[in-house]
Amino acid sequence: MCEDPFGGRRPTSHERMTGLPWDASYQHEPAPWDTGRPQPAVVRLASTGGLTGTVLDAGCGTGENTLHIASLGLPVLGVDVAGTAVAMAREKAAERGSEAEFAVADALHLDCLGRTFDTILDCALFHTFDADEQPVYTASLASVIKQGGTVYVVCFSDQGPDTGPHPVTQAALRAAFGEGWDVVSIEPERVQTRFHDENGAPAWFATVERR
Ligand SMILES: C[S@@+](CC[C@H](N)C(=O)[O-])C[C@H]1O[C@@H](n2cnc3c(N)ncnc32)[C@H](O)[C@@H]1O
């Protein structure tokens, strides 16, 4: 199932910019976004019943959000291109007795999964894609979400001060989720990182439904 950490996969714009595969972020120090806890926005979403049915966590990293969702009894698959991150997530799942599933897969080609989902979480993946990749990504999401399903995107926003490294405008979110999608809401949010203070970085929390 899409087991291809880099070879054969076109590097993403972020990988081309840094000259490194995403996997390199997980090979030494904890990655800058890897706080070791689920994001407060995801915890709140889960506690208010926003996550239903089968869930996909796209760009799951070391799996804290996925594991939190699984702890609520929901079937959830976390996918990431970074094999090291997926291995770390699987190890945490084993330690915690979690039923969360993890796979190495490219979020730009989710049809490779051969599965569909009621809910998709994107926590800090969308903002890593450039303007050319964003519509490819939303088409990929469309290939695996059920009709009437919901995508939640948590991404850095352009509303400073102290914006994250890939600030996204509301207009970019709306443009990427065009035909076949309803952008229900885009609310101000905060994202925790290892390089911001306890208030985190300014973010958007977008709720998007598949028609
Ligand atoms: C900023 S991190 C966020 C990780 C996690 N969601 C979190 O909240 O801690 C972005 C993640 O997306 C992954 N990623 C980047 N491009 C991807 C792609 N095309 N398909 C799947 N995962 C990707 C990276 O490896 C990285 O783990």
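The values are calculated or read from the model by the stated rules, or taken from the named source; none is laboratory data. These numbers come from a predicted model, not from an experiment. Please note: Cβ atoms are built from the backbone with ideal geometry, for glycine as well, and neighbour counts cover all protein chains shown. What goes into the accessible areas is simple: the full protein's heavy atoms, side chains included, and nothing from ligands, DNA or RNA. Shrake-Rupley method; radii C 1.70, N 1.55, O 1.52, S 1.80 Å.
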Could you count how many residues in region 9-32 are part of a loop (DSSP other than H, G, I, E, B) and either closer than 24 Å to VAL136 by Cα or touching a Leu at 6+ places or on another chain (Cβ under 9 Å) (or both)? 7
Determine if region 36-49 includes at least one residue that is of a type in the set (S, T, N, Q) and in a loop (DSSP other than H, G, I, E, B). yes
Say we look at region 65-104 and pick out the residues that are in contact with a strand residue (DSSP E or B) (Cβ under 9 Å, 6 or more places away or on another chain) and of a type in the set (Asp, Glu); which of these is most open to solvent (accessible area, probe 1.4 Å)? GLU99
How many of the residues making up region 68-87 are more than 7 Å from the ligand (Cβ to nearest atom) and closer than 21 Å to CYS155 by Cβ? 5
Which one of the conditions (1) in contact with a Phe, Trp or Tyr (Cβ under 6 Å, 6 or more places away or on another chain); (2) of a type in the set (Phe, Trp, Tyr); (3) open to solvent by 10 Å² or more (accessible area, probe 1.4 Å) does TRP181 fail to meet, given that it meets all the rest? (1)
Since THR18 meets every condition but one in (1) touching a residue at least 12 places away in the same chain (Cβ under 8 Å); (2) within 13 Å of the ligand (Cβ to nearest atom), which condition does it not meet? (1)
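Here's the yes/no breakdown for (1) within 11 Å of the ligand (Cβ to nearest atom); (2) farther than 23 Å from LYS146 by Cβ:
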| position | (1), (2) |
| --- | --- |
| PRO30 | yes, yes |
| GLY36 | yes, yes |
| THR52 | no, no |
| ASP106 | yes, no |
Output the strands (runs of 3 or more DSSP E) that fall wholly within region 65-154 and possess 2 or more residues being more than 24 Å from PHE205 (Cα to Cα) and under 14 Å from the mean Cα position of the chain (by Cα), or say none. 101-104
Please state which of the following conditions VAL144 fails to meet, knowing it meets all the rest: (1) closer than 23 Å to ALA89 by Cβ; (2) β-branched (Val, Ile, Thr); (3) in contact with a His (Cβ under 6 Å, 6 or more places away or on another chain). (3)
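Consider region 111-167. How many of its residues are open to solvent by 40 Å² or more (accessible area, probe 1.4 Å), of a type outside the set (A, V, I, L, M) and within 12 Å of the ligand (Cβ to nearest atom)? Break it down into steps so the answer makes sense when it comes.
Taking region 111-167 and keeping what is open to solvent by 40 Å² or more (accessible area, probe 1.4 Å), we get 111-112, 114-116, 118, 130-132, 135-136, 139, 143, 146-148, 158-163, 165-167.
Still in the running and of a type outside the set (A, V, I, L, M): 111-112, 114-116, 118, 130, 132, 135, 143, 146-148, 158-163, 165-167.
Then keep just the ones that are within 12 Å of the ligand (Cβ to nearest atom); that gives 112, 130, 165-166.
Counting residues in region 111-167 that are open to solvent by 40 Å² or more (accessible area, probe 1.4 Å), of a type outside the set (A, V, I, L, M) and within 12 Å of the ligand (Cβ to nearest atom) gives 4.
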Restricting attention to region 160-185, and to residues there that are under 18 Å from GLU133 (Cβ atoms) and part of a strand (DSSP E or B), which single residue is nearest to the chain's Cα centre (by Cα)? VAL168
